[in-house]
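The values are calculated or read from the model by the stated rules, or taken from the named source; none is laboratory data. These numbers come from a predicted model, not from an experiment. Here the Cβ positions follow ideal geometry from the backbone for every residue, glycine too, while neighbour counts run over all protein chains shown.
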Amino acid sequence: MAKIAVILSGCGVYDGSEIYETTLTLLALDRLGAEAQCMAPNIEQVGVINHLTGNEMTQSRNVLVESARLARGDIIDLGEANPESYDGVIISGGFGAAKNLSDHAVEGVGMKINDRLISFVTAIHLARKPVGLISMATTLGPKLFGNKLFDNTLFEKGVLCTVGDDKTIASAINEMGGIHENCPANEVVVDERLLVVSTPAYMLAERISEAAEGIEKLVDEVLYMTK
């Protein structure tokens, strides 16, 4: 049985992990016979959004604690996770990827990624284990797989990935060194060289069934790559 790390960034599309995308990921992993372990960084959340009004709230929340809501309490601190214990990793979407896992929401193409996330995903990647990126998490791809510190021919070209057909985000991905490919919500883009799979999900999906189809394909590809 493959064991897959599922990295979360809070709870809620506007300031954390997208709830449907995360749930669909966990459901697909379970249906395909894989074991999932949710994890999140133990850091303060960058902003709290009222999901009813869309307005920012004057509250302070912790990313790990908020992610525990989504994981039904079955979650560990990303900072304490051992990448050697996992066969692959999937990073859930939602704007928490751009706010809590990185500072993309503020810095754009000059963004920095959480150090522990870099360490964990880099270890997974260098062990030739697959990585899945869902919706906004795809913006992390160019920098996660374009680190010039590595003397590795795998990085000669940027990572092939998708957020659907959003021209602004696609342009940012390309500017950061990635290779964006347009893709419908119910499909995936596979970088067989880097073992990276991405899908637009709610960056493009208008129905939960569309997001589900793409996420199920992503999970299937990730598990196939673990064999």
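General observations
- Test result for Leu32, surrounded by fewer than 22 Cβ atoms within 10 Å (Cβ to Cβ) and either free of Cβ contacts under 8 Å to residues at least 40 places away in the same chain or in contact with a helix residue (DSSP H, G or I) (Cβ under 8 Å, 6 or more places away or on another chain) (or both): yes
- Residue in the range 40-58 that is under 13 Å from the mean Cα position of the chain (by Cα) and of a type in the set (A, V, I, L, M, F, W, C) present: yes
- Checking Ala71 against (1) within 23 Å of Gly141 (Cβ to Cβ); (2) crowded, with 20+ Cβ neighbours inside 10 Å; (3) of a type in the set (A, V, I, L, M, F, W, C), the condition it does not meet: (1)
- Inspection of the range 98-105 finds a residue satisfying the criterion of being at pLDDT below 95 and either surrounded by fewer than 23 Cβ atoms within 10 Å (Cβ to Cβ) or on the phi > 0 side of the Ramachandran plot (or both).
- Of all residues in the range 199-218, those that are in contact with a Phe, Trp or Tyr (Cβ under 7 Å, 6 or more places away or on another chain), β-branched (Val, Ile, Thr) and buried (at least 24 other Cβ atoms within 10 Å of the Cβ) total 0.
- Test set (1) more than 28 Å from Glu175 (Cβ to Cβ); (2) among the hydroxyl-bearing types (Ser, Thr, Tyr); (3) part of a loop (DSSP other than H, G, I, E, B) - Ser9 fails condition number: (1)
- Only one of Ile124, Ile134, Ile91 that is under 16 Å from the mean Cα position of the chain (by Cα), surrounded by fewer than 24 Cβ atoms within 10 Å (Cβ to Cβ) and either among the aliphatic types (A, V, I, L, M) or closer than 16 Å to Gly10 by Cα (or both): Ile124
- The residues in the range 162-203 that are in a loop (DSSP other than H, G, I, E, B), among the aliphatic types (A, V, I, L, M) and touching a residue at least 60 places away in the same chain (Cβ under 8 Å) can be counted, and the count is 3.
Yes/no per residue for (1) in contact with a Cys (Cβ under 9 Å, 6 or more places away or on another chain); (2) at pLDDT 95 or above; (3) within 22 Å of Ser135 (Cα to Cα):
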| residue | (1), (2), (3) |
| --- | --- |
| Ile4 | no, yes, yes |
| Leu26 | yes, yes, yes |
| Ala34 | no, yes, yes |
| Ile49 | no, no, yes |
| Pro83 | no, yes, no |
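- Near pairs, Cβ below 6 angstrom, 6+ apart or cross-chain, from the range 78-101 (within 14 Å of Ala123 (Cβ to Cβ) and touching a residue at least 12 places away in the same chain (Cβ under 8 Å)) to any residue that is small (Gly, Ala, Ser) and surrounded by fewer than 23 Cβ atoms within 10 Å (Cβ to Cβ): Pro83/Ala123; Asp87/Ala2
- Criterion: out of contact with any helix residue (DSSP H, G or I) (no Cβ under 7 Å at 6 or more places or on another chain) and among the aromatic types (Phe, Trp, Tyr) - qualifying residue of Tyr14, Tyr20, Tyr86: Tyr14
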